[in-house]
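Let me begin by presenting the structure, written as structure tokens, before commenting on it.
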Ligand SMILES: C[S@@+](CC[C@H](N)C(=O)[O-])C[C@H]1O[C@@H](n2cnc3c(N)ncnc32)[C@H](O)[C@@H]1O
């Protein structure tokens, strides 16, 4: 455990230096740990691979969307990537890996009780994932399944309980947690991460607790109640975030024509307009257009955090920014680069394709620093523990 503590104190700095710093100071076993392997199912635009960079090496990944595949390949290369449906993947031919990550489709879990749930046509692809895992000659020691809060809260928790049971039956210890990107970035993006570890792994005591912690909000506690084989994962809290909405703004971005701008501004309710006018200095306030009492309004939020980025597929509108600079109020859609920044993607992250493609790719993804924190603080120590099996 001493080695883990060492690792922990040295991985809190900038991610690009991890491998070098670990290589310089740590024993061989942990140096190799910086390049542990992972398989990524439903890999989309590759933001999980970006978050795990230098900690877990992607040896295989897939997604069936060619536009997202283009983003993944532009940033992580094509050699280990397959553009195909998970239904076409056979586990027997996959490379061995310590970790398998699946951010499976959320559409059937997003709207409480109104869609197919964990057995729905899209979210039910999680069973294809487990089918592939079952076909592997050796199952990975660690599995991560990521999805929206509906996984634990919709249908009274039954969706989660079904998945939990399936993982327990495969010989894993399982627990879920909620991580909200707002801890790291100016975007509200609560997501559930289910972490399963082979029962044969001796889990370091620092990684499990006997009770809920900061990663276990009420919805998670409710679903955990009296559940067989539940594990209360423990991770340290991240330091207070430093980035603000003002930091993600592309100040030179193009504004639409004056008419569109004015139309948007007129949609702001009187109450929100008052709040906006009461703020001093340069101001950036995000909002979504919604229909309230049969009327379209632009609802703003004033907590210096953008609303959750979504794909436009579900019929939700795109996020609008109201920007006041030198007393002039203007409005425009979020740019693609701003969306990427809100997901924690580095500036060098390439997003080929149209605005819509890029917006969709970011809206569906996992925020980079969230994936990185989970990997550093829980998955890597678990992978090291799994070595000692
Ligand atoms: C929630 S997103 C995951 C995004 C990804 N983790 C990222 O950070 O960009 C779900 C992904 O599943 C993909 N998908 C949907 N159906 C699929 C299928 N049958 N086979 C493979 N991928 C599929 C979608 O294209 C989408 O990228």
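Within the range 101-153, being in contact with a strand residue (DSSP E or B) (Cβ under 7 Å, 6 or more places away or on another chain) and in contact (Cβ under 8 Å) with a residue 60 or more places away in the chain holds for 101, 102, 103, 104, 129, 140, 141, 142, 144, 146, 149, 152.
As a summary of the residue check, residue 98 satisfies the conditions (1) within 14 Å of the ligand (Cβ to nearest atom); (2) touching a strand residue (DSSP E or B) at 6+ places or on another chain (Cβ under 8 Å); (3) on the phi < 0 side of the Ramachandran plot except for the one numbered (1).
Within the range 80-95, take every residue that is assigned to a loop (DSSP other than H, G, I, E, B) and over 16 Å from residue 56 (Cα atoms) and give me the one that is nearest to the ligand (Cβ to nearest atom). Taking the candidates together, the pick is 85.
Look at the range 217-228 and say how many of its residues are in a loop (DSSP other than H, G, I, E, B) and either touching a strand residue (DSSP E or B) at 6+ places or on another chain (Cβ under 6 Å) or not assigned by TED's automatic domain parsing to the domain that holds residue 163 (or both).
1
Considering 120, 91, the condition of being over 27 Å from residue 380 (Cα atoms) and surrounded by fewer than 18 Cβ atoms within 10 Å (Cβ to Cβ) is satisfied by 120 alone.
Within the range 229-262, the residues that satisfy the criterion of being within 22 Å of residue 186 (Cβ to Cβ) and outside any loop (DSSP other than H, G, I, E, B) are 245, 246, 247, 248.
If the condition is being in a loop (DSSP other than H, G, I, E, B) and near the ligand (Cβ under 9 Å from one of its atoms), then the range 58-79 contributes 64, 65. Consider residue 124 carefully, then state whether it is more than 9 Å from the ligand (Cβ to nearest atom), at pLDDT below 95, under 16 Å from residue 166 (Cβ atoms) and assigned by TED's automatic domain parsing to the domain that holds residue 194. Against the criterion (more than 9 Å from the ligand (Cβ to nearest atom), at pLDDT below 95, under 16 Å from residue 166 (Cβ atoms) and assigned by TED's automatic domain parsing to the domain that holds residue 194), residue 124 does not qualify. Within the range 127-161, the set of residues being more than 16 Å from the ligand (Cβ to nearest atom), farther than 16 Å from residue 221 by Cα and either in the same structural domain as residue 309 (by TED's automatic domain parsing) or surrounded by fewer than 21 Cβ atoms within 10 Å (Cβ to Cβ) (or both) comprises 134, 136, 137, 138, 139.
Name the residue, out of 271, 326, that is more than 26 Å from residue 181 (Cβ to Cβ) and either in contact (Cβ under 8 Å) with a residue 12 or more places away in the chain or in the same structural domain as residue 188 (by TED's automatic domain parsing) (or both). Exactly one residue qualifies, and that residue is 326. Of all residues in the range 343-383, those being within 12 Å of the ligand (Cβ to nearest atom), part of a helix (DSSP H, G or I) and more than 15 Å from the chain's Cα centre (by Cα) number 2. Those residues that are surrounded by fewer than 21 Cβ atoms within 10 Å (Cβ to Cβ) and either free of Cβ contacts under 8 Å to residues at least 12 places away in the same chain or within 17 Å of residue 350 (Cα to Cα) (or both), I need them from the range 66-88; list them, please. Passing the criteria: 66, 67, 70, 73, 74, 75, 76, 77, 78, 79, 81, 88.
The values are calculated or read from the model by the stated rules, or taken from the named source; none is laboratory data. As the structure is a prediction and not an experimental result, all values here were calculated from the model. Cβ sites come from the backbone with ideal geometry, for glycine too, and all protein chains shown count toward neighbours.
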